[in-house]
Amino acid sequence: MDSLTQIVASGLTVGAMYAVSTVALSLVWGALNVLNMGQGAMLAVGGYIAYTAVTAFGLPIPIAIVAAAGVGALVGAVLYFLVVKLMIGKDGFETNVIIATFGFALILENLVLRLYGAYPLRQPIGLDGGWHIGAVHVPYQNILLVLVSAVLMTVVAYALKSTRTGRAIRATAQNRGATELMGVRVSKIFLQVLMIGGGLAAISGIMLSTITTLAPTMGYDPMLKAFIICVIAGLGNIYGALIASFVLGLFEVSVQFLFGVRFGFPALLLLVISALIWKPFGVFGRRKTDRL
Amino acid sequence: MMKNDSAGRFRTDIVIGSVLIVAAIIIPFVFPTRYVIGQLTIFFLWATVVSQWNLVFGVAGIFSLAQMAIFAMGGYVAGMLSLYLGWPLWISMFFGGFASVLFSVLIGFACLRLRGAYVALLTLAIAQTMYLLIITDTACFMRTGVTCRNFTGGTRGLAQFGDFGFRELLPYKYMAFGNYFIGLVVLIFAVAFSIFVIRSPIGLAFRALRDNQTCAEVRGISKFKYQLLIFSSSAFFTGLAGAVYAGHFRVMGANTLYLNLLLFLLSMLIIGGVGRVWGPILGAAALMLVDEVLKEFVNWRLAGLGLILVVFIVLLPKGLAGYIEDIFQRGRKNKATVGQDE
């Protein structure tokens, strides 16, 4: 019984970690067709900015989080003006932008490495203490993580569905040309989405670093997992991503418990590949048909 | 018109290739320093890998990031066959190549029915899985004395499988020449294969698929079949390069699966010119030179690489080879340029 509780508790935490790193990725992909390989580095930037704000400037935690989100949005804006803006509408946008954001990630990672060093740091933001269920200890931090991930995703999904900007973003995702004809400035939407994505990534980075540590490459692994989740949910489907995160988190932890830690990720991948052979556009995704 | 043109291109390829081969044979005798020959050997291997990646990405349009996983598979299998079965590396290197082909057929069946970005994500995840499985490998596979050796070599890497035997065969002064010429031969075959693919009907099939996929498919060109064909056959040379890499360094490690190395090679492909016969070689040479310069600024090596990658993909997406081609085409004004390049 205790081991079952342990699996569920860890599975939910892992799922929340995945969910939190998936939000921004899913939003940017869904709206812009931009697969941002800089996501991992942007997670790290968020974590480090919050760290600096608290330790070096002694700011209260909420302000530190806002500051980190602000810097994240700024990084998103830089990504837009220096990379994405120059590539929109050119041949092979979908693949070339992946490569370009790879390069952007290298630059960001190197900057973080030069500023903070490679030695892992402890994120000062976080809750102490925990909750005991039987013999299982569940830190409050993990519970907070689950809540934050669920709230973030719901807010993003709601904003996309019901706000004016959200509608414009969805329209852009559906048909860029028609949206432009309706009087929406598509370039502005691109900038907005990348800035929102940057801010969300920063918050995700803080959340991740509270239960792991801060390191310049800390974002790479979560990014990869987030990719897998986006793939299985159908790229750009935020509710699907939320469900997939928790299901895959529980699945991974169960496999790790039953067969050993090293088989967690391979099993995850195997599951995703079989799911994709069954449904090539994601479990929650819909096939896009092109007219001739 | 089309026929003449492709025959002309083929002739140009032969001329360029011959000149490069002659130069590559002369160079080690002119600059016989260990460092130069060692760097050029590595250049041959990277150019081989990138030339095959060019077929996969540039010609077949598969944005695969499993290229280094396929490379590592070749190196590991060759090393293991030599280590555990005692085969000479000269034989096991070919089996390394075959293993890579098999591996990529499996990857192909899993990934090639998906759309562009999905392929990139899954292949990257496959490479990362391979990396994780190697570095977390701690189980005892073989006991030699008191030390315990794990199957893949784990974090320390697979070693003690020998090399190509040039240390004994050649006099000290020419020792490095052996691996140099193996690398060169592999590269020559790899480039010959890529010229064959790009200038042959297979290359035309892919051009048709890219220009108008529906039309091409209606005419009976199966995208999946052709993609799988190129993806698996190019893996042979990639795997072979991996095996030669293992023999050259006498060790095969999970460091070949680092993301930064993958991006280094991706930069070669992009900067050289995607989809062009001579792009990979030009790109590999350019990046090896840039890397020599960046060694002076070792703290900013990653950022330098990233910057070059961004600048090229954003501003010069045709790469160096594409621009050289453009210059030549502008030179021949009497020949009307019929939208050759997409």
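The values are calculated or read from the model by the stated rules, or taken from the named source; none is laboratory data. Keep in mind the model is a prediction, meaning the values are calculated, not measured. We place every Cβ from the backbone using ideal geometry, glycine too, and count neighbours over all the protein chains shown.
Just a few scattered comments:
- Under the condition of being at pLDDT below 90, touching a helix residue (DSSP H, G or I) at 6+ places or on another chain (Cβ under 9 Å) and surrounded by fewer than 15 Cβ atoms within 10 Å (Cβ to Cβ), the residues counted in segment B:162-195 number 4.
- Segment B:127-159, residues that are surrounded by fewer than 17 Cβ atoms within 10 Å (Cβ to Cβ) and more than 14 Å from chain A (Cβ to nearest Cβ): B:140, B:141, B:142, B:143, B:144, B:145, B:146, B:147, B:148, B:156, B:159
- From the list B:157, B:183, the one residue that fits, being on the phi > 0 side of the Ramachandran plot and within 24 Å of the chain's Cα centre (by Cα), is B:157.
- Restricting segment B:1-45 to residues that are in a loop (DSSP other than H, G, I, E, B) and exposed (fewer than 12 other Cβ atoms within 10 Å of the Cβ), the residue that is modelled with the lowest pLDDT is B:1.
- Only residues that are in contact with a Gly (Cβ under 8 Å, 6 or more places away or on another chain) and surrounded by fewer than 19 Cβ atoms within 10 Å (Cβ to Cβ) were counted across segment B:299-310, and they come to 1.
- Looking only at segment B:129-159, residues that are closer than 30 Å to residue A:25 by Cα and without any contact (Cβ under 8 Å) to a residue 60 or more places away in the chain come to 4 in all.
- Residue in segment B:285-298 that is surrounded by the most Cβ atoms within 10 Å (Cβ to Cβ), counting only those that are out of contact with any helix residue (DSSP H, G or I) (no Cβ under 6 Å at 6 or more places or on another chain) and either within 14 Å of chain A (Cβ to nearest Cβ) or of a type in the set (Val, Ile, Thr) (or both): B:290
- Condition check for residue B:276 on (1) over 28 Å from residue A:280 (Cβ atoms); (2) touching a residue at least 24 places away in the same chain (Cβ under 8 Å); (3) assigned by TED's automatic domain parsing to the domain that holds residue B:155; (4) over 13 Å from the mean Cα position of the chain (by Cα): one failure, at (3).
- Flag for residue A:47 being surrounded by fewer than 24 Cβ atoms within 10 Å (Cβ to Cβ) and either farther than 30 Å from residue A:248 by Cα or more than 10 Å from chain B (Cβ to nearest Cβ) (or both): no
- Taken over segment B:107-126, the criterion of being part of a helix (DSSP H, G or I) and more than 10 Å from chain A (Cβ to nearest Cβ) is satisfied by B:108, B:123.
- Criterion applied to A:101, A:52, A:95 was being of a type in the set (Ser, Thr, Tyr), within 18 Å of the chain's Cα centre (by Cα) and assigned to a helix (DSSP H, G or I), and the one residue passing it is A:101.
- Boolean, residue B:282 is in contact with a helix residue (DSSP H, G or I) (Cβ under 9 Å, 6 or more places away or on another chain), away from chain A (no Cβ under 14 Å) and buried (at least 18 other Cβ atoms within 10 Å of the Cβ): yes
- A single entry from B:84, B:76, B:35 fulfils the requirement of being in the same structural domain as residue B:242 (by TED's automatic domain parsing) and touching a strand residue (DSSP E or B) at 6+ places or on another chain (Cβ under 7 Å): B:76.
- When the helices (runs of 4 or more DSSP H) confined to segment B:148-228 are screened for residues that are hydrophobic (A, V, I, L, M, F, W, C), touching a Leu at 6+ places or on another chain (Cβ under 7 Å) and assigned by TED's automatic domain parsing to the domain that holds residue B:81, those reaching at least 3 such residues are found at B:175-199.
This table checks each residue for (1) outside any helix (DSSP H, G or I); (2) within 17 Å of residue A:12 (Cα to Cα); (3) of a type in the set (A, V, I, L, M).
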{"site": "A:113", "(1), (2), (3)": "no, no, yes"}
{"site": "A:119", "(1), (2), (3)": "yes, no, no"}
{"site": "A:123", "(1), (2), (3)": "yes, no, no"}
{"site": "A:132", "(1), (2), (3)": "yes, yes, no"}
{"site": "A:151", "(1), (2), (3)": "no, yes, yes"}
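- Condition met for residue A:122 (touching a residue at least 12 places away in the same chain (Cβ under 8 Å) and basic (Lys, Arg)): yes
- Test: residue in segment B:242-253 that is part of a helix (DSSP H, G or I), without any contact (Cβ under 8 Å) to a residue 60 or more places away in the chain and more than 28 Å from residue B:10 (Cβ to Cβ): yes
- Among all residues of segment B:200-210, there is at least one that is free of Cβ contacts under 8 Å to residues at least 60 places away in the same chain and either among the basic types (Lys, Arg) or in contact with a Lys or Arg (Cβ under 6 Å, 6 or more places away or on another chain) (or both).
- Condition check for residue B:188: farther than 30 Å from residue B:33 by Cα and among the β-branched types (Val, Ile, Thr): no
Table: residues versus (1) over 24 Å from residue A:233 (Cβ atoms); (2) surrounded by fewer than 17 Cβ atoms within 10 Å (Cβ to Cβ); (3) without any contact (Cβ under 8 Å) to a residue 60 or more places away in the chain.
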| site | (1), (2), (3) |
| --- | --- |
| A:88 | yes, yes, no |
| A:97 | no, no, no |
| A:103 | yes, no, yes |
| A:130 | yes, yes, yes |
| A:148 | no, no, no |
| A:190 | no, no, no |
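- Tallying residues that are surrounded by fewer than 24 Cβ atoms within 10 Å (Cβ to Cβ) and either at pLDDT 90 or above or farther than 22 Å from residue A:186 by Cβ (or both) within segment A:19-44 yields 0.
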